[in-house]
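To keep things clear, I will list the structure first and then write my remarks on it.
Please treat every number below as a calculation from the coordinates, not as lab data. Since this is a predicted model, take the numbers as computed values, not measurements. All Cβ positions, glycine included, derive from the backbone under ideal geometry; neighbour counts span all protein chains shown.
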Amino acid sequence: MDLNTETNPTLPIKKHTFKKAFLATVPVMFGYIPTGIAFSMLMISSGYSPFLTILMSLFLYAGSMQFISVELFAVGAPFIQIAILTLLINARHMFYGLSLFKMFDKQGKKKPYMIYSLTDETYALFTSGIVPDDVDENKFNFYISILDHFYWVFGTAIGAIIGSSLTINTAGMDFALTAMFTVMLLEQILSKTPNLVFLISALSGLICIILLPKNYMLISAILLALTLTVVFRKAVQKNVEQ
Amino acid sequence: MLSNNDAIIAIIIMSAVTFFVRAFPFIVFKNKKPSDTVIYIGKYAPAVIITILVLYCLKGAFLPPTILAIPQLLCLAAIVILHLKFRNSLVSIFGGTLLYMFLIQVVFI
């Protein structure tokens, strides 16, 4: 993803890096803030305090899990069931680190936070090769993590504090996340990634999304697609050379 | 319904599990070099995961097909065209999102 923003040599490098990181995360902002508002209105309407709601976004920071937990809390689900469901629903994140060893090793003390805040959207930004040439790469990536986290908590706070009196029609704004993933996919397709990988992923995705219940479709699709990518390794590598 | 205190315990449990899951590959490969296969998976995982996330995002409108499938298809087409023409991510993402907001708030109500 290239951001084609003008470089301004008079800006101090730190400020300049922050500005570029902010621009890269704007689509996430447009997705996270309305989604955060929706989450907190749901949480508050089921009887929890704004404080607890904001705390949840700050500490848990896992969008789909938070929506599911509203239901789990409402029915008074046992802790063990909550723990197992969290594991299953977020299991896809186990694969995210595999592409980020080098990037995160350079983060030093910030590495635990970078791991902690690794959501789907942040991962997608990290792996789309969007770091501009003229910025401090480590700071740029750290700002992305912290900004995305901030948007989520901020959206939750807006929803918790003024949710019911909001009059702006944000309907459709969260399509920004679909749009962002679509653009990242286009960039991946335009890069050297072999077409076979997309074919395997699309088929695995379709099969699992059509056949499996909502809570298991993502992890199953990713597992199936990665397994097939390994099984067809020779063909994939041959596909690269063409 | 979980009491406030139970909800706090549940949030701590969920946060710990989520952090563990995100940290898992870093824990496993802390002191050992990732194998050839793991490096290979890491190389193609982004393409795999992003493809699946796009399909997952579209699931709501297409499975089963709802009226939203039409504006979403139009916007996806707009995003592809914008992106191939300008190759500027912000233009493509915002063009697509604004068009979508317009379509669902004004046209496909």
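Using only the alpha carbons of the range A:192-242, determine the length spanned along each of the three principal axes and report them from longest to shortest in whole angstroms.
Reported extents, whole Å, longest axis first: 38, 15, 13.
I need the fraction of alpha carbon pairs in the protein assembly as shown separated by more than 29 Å, rounded to a whole percent.
41
How many percent of the alpha carbon pairs in the range B:67-109 exceed a separation of 17 Å?
That tail contains 27 percent of the Cα-Cα pairs.
Would you mind computing, in nm to one decimal, how far apart the modelled labels at A:Asn239 and A:Ile162 are, each placed 7 Å from Cα along Cα→Cβ?
Between A:Asn239 and A:Ile162, the label points sit 4.9 nm apart.
Which of A:Tyr151, A:Tyr143, A:Tyr216 moves most in a GNM of chain A, Cα contacts under 10 Å?
Per the Cα network of chain A with a 10 Å cutoff, A:Tyr216 tops the list.
Of A:Ser201, A:Ser191, A:Ser220, which has the largest mean-square fluctuation in a 10 Å C-alpha GNM of chain A?
Result: A:Ser191 has the largest fluctuation of those listed.
Against the 2.2 N^0.38 Å scaling, with N counting residues, where does the range A:95-226 land? I'd like the Cα-based Rg ratio to two decimal places.
1.24
Label 7 Å along Cα→Cβ of A:Val75; the range A:175-219 residues with amide nitrogen under 12 Å?
none
Can you tell me which of A:Pro34, A:Pro112, A:Pro50 moves the most in a GNM of chain A? Springs connect C-alpha atoms under 10 Å apart.
A:Pro112
At a 10 angstrom cut-off on C-beta neighbours, averaged per residue, how do the peptides B:70-76, A:23-29 rank from highest to lowest?
Working: B:70-76: 18.7, A:23-29: 21.9.
In descending order of packing, they fall as A:23-29, B:70-76.
For every helix of n ≥ 4 consecutive DSSP H residues, a contribution of -39,500 (n - 2.57) applies; sum these over the protein assembly as shown, divide by its total residues, and give [θ] at 222 nm rounded to the nearest 500 deg cm²/dmol.
Using -39500 (n - 2.57) per qualifying helix, the result is -24000 deg cm²/dmol.
Taking every residue in B:93-104, how many Cβ atoms of other protein chains lie within 10 Å of its Cβ, on average?
Across B:93-104, the average partner-chain Cβ count within 10 Å equals 6.
I'd like the projected area of the range A:44-154, averaged over all directions, using the convex hull of its alpha carbons. Report it in nm² with one decimal.
On the way: hull surface 31.6 nm².
Mean projected area of the Cα convex hull: 7.9 nm².
Over 22 Å between C-alpha atoms is what I'm after, so list which of A:Lys15/A:Lys106; A:Lys139/B:Lys85; A:Lys111/B:Lys32; A:Lys15/B:Lys43; A:Lys19/B:Lys59; A:Lys111/B:Lys30 land there.
Beyond 22 Å between Cα atoms: A:Lys139/B:Lys85; A:Lys15/B:Lys43; A:Lys19/B:Lys59.
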